Amino acid sequence: MKSDSKARYGTISRLFHWVIALLVLWQAMKIFDRINDGEHWVGQVLVPWHISIGVLILLLMVLRIVWALRNRGNRPSAPPALLGFLAKAGHLTMYVLLVLLPVTGISFMIGEGYGLTVFGMELLARGKEIPWLAAIGALHSPIALLLLATVAGHILMGFWHHFVRKDGLLRRML
Ligand code: HEM
Ligand code: HEM
């Protein structure tokens with residue numbers, strides 16, 4: 001039940017998948033800062049959690065990677081055709097981007113001298129700007145847009161399997 005099998009993802013993998021998916025959608029709301037400088041409901045209620053949730057995603061991703069490695073060879077496999085290869089590459093890309101995003105986000109905050117406060121705890125006080133770290137931080141926005149594009153493709157493929165191919169693939173993750 002808890003571990004994965006060739007037929008489907010186990011409870012823990014499914015929990016990781018859906019909790020992180022929800023948190024990533026929450027994080028995506030940051031893009032609404034571009035509208036009216038964030039002076040609206042989304043900007044005032046959801047976006048202020050961006051840094052804390054981002055750091056939480058980093059911790060969850062570390063645990064998820066350990067869990068995925070432990071279950072290696074015992075997870076649902078993709079067919080050895082082009083689509084299967086693309087699915088594997090897409091999943092791996094999302095793993096990598098979900099680690100790079102918090103890393104570049106943290107680099108942005110520290111590099112720009114803002115310090116780092118997570119769920120009200122000050123982990124690092126405001127300090128001097130660190131240009132090379134700020135340069136890594138500048139990659140945060142393009143990487144975020146790349147992740148959102150990959151996730152959009154992933155969700156479309158999920159629906160395609162469910163509604164067009166009707167192969168029950170979605171059930172592996174439900
Ligand atoms: C931010 C949103 C999402 C992210 C970051 C995400 C990420 C991932 C990743 C990394 C995997 C590979 C399995 C693993 O190692 O855990 C996966 C599998 C899967 N996801 Fe998502 N996912 C998201 C949303 C969704 C949604 C909304 C659906 C439903 C349409 C979905 C359906 C699936 C299915 C069915 C699999 C298993 C695919 C297979 O067995 O080949 N995901 N997802
Ligand atoms: C998986 C986690 C994360 C996701 C999915 C994510 C996503 C995003 C998105 C979609 C944007 C808007 C980009 C734009 O409008 O061009 C953004 C901006 C931003 N994020 Fe994140 N983020 C994550 C983690 C973090 C973390 C951990 C931090 C800081 C510790 C952070 C700090 C920022 C900052 C400062 C901006 C504004 C950047 C700018 O104005 O150039 N993010 N993020």
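The values are calculated or read from the model by the stated rules, or taken from the named source; none is laboratory data. Values in this document were obtained by computation on a predicted structure and should not be read as measured data. Methodologically, a virtual Cβ is constructed for each residue, glycine included, from the backbone with ideal geometry; neighbour enumeration extends over all protein chains shown. Areas reflect the complete protein model, heavy atoms only, side chains present, ligands, DNA and RNA absent. Shrake-Rupley method; radii C 1.70, N 1.55, O 1.52, S 1.80 Å.
Only Lys, Arg, Asp and Glu carry charge here, each on its Cβ (+1 for the first two, -1 for the last two); on that basis the stretch 69-174 has a dipole of about 640 debye about its Cα centre.
Percent of accessible area on the stretch 11-173 owned by carbon and sulfur, 1.4 Å probe?
Numbers: 7500 of 10430 Å².
Looking at the stretch 11-173 in its full context, I get 72 percent from C and S.
Distance from the alpha carbon centroid of the stretch 65-95 to that of the stretch 1-27 works out to 13 angstrom.
Assign one of three labels to the chain, namely rounded, prolate or oblate, based on the Cα gyration tensor with a ≥ b ≥ c the square roots of its eigenvalues; rounded applies when a/c is under 1.5, prolate when it is not and a/b is larger than b/c, and oblate otherwise. Let's see the in-between values first.
Details: a/c = 2.14, a/b = 1.82, b/c = 1.18.
It is prolate, given that a/c is not under 1.5 and a/b is the larger ratio.
For Cα pairs less than 8 Å apart in space and 6+ apart in sequence, what is the mean separation divided by the residue count of the chain, i.e. the relative contact order in percent?
Result for the chain is 22 percent.
Averaging the sequence gap over all C-alpha pairs within less than 8 Å and six or more residues apart, then dividing by the number of residues, gives the stretch 67-169 a relative contact order of 22 percent.
Calculate, for the stretch 1-155, the solvent-accessible area per residue in square angstrom, rolling a 1.4 angstrom probe over the heavy atoms of the protein chains.
Values: 9690 Å² over 155 residues.
Value for the stretch 1-155: 63 Å² per residue.
Here residue 2 is the anchor, and the lysines within straight C-alpha reach of less than 23 Å, apart from those fewer than 8 places off in the same chain, are 88.
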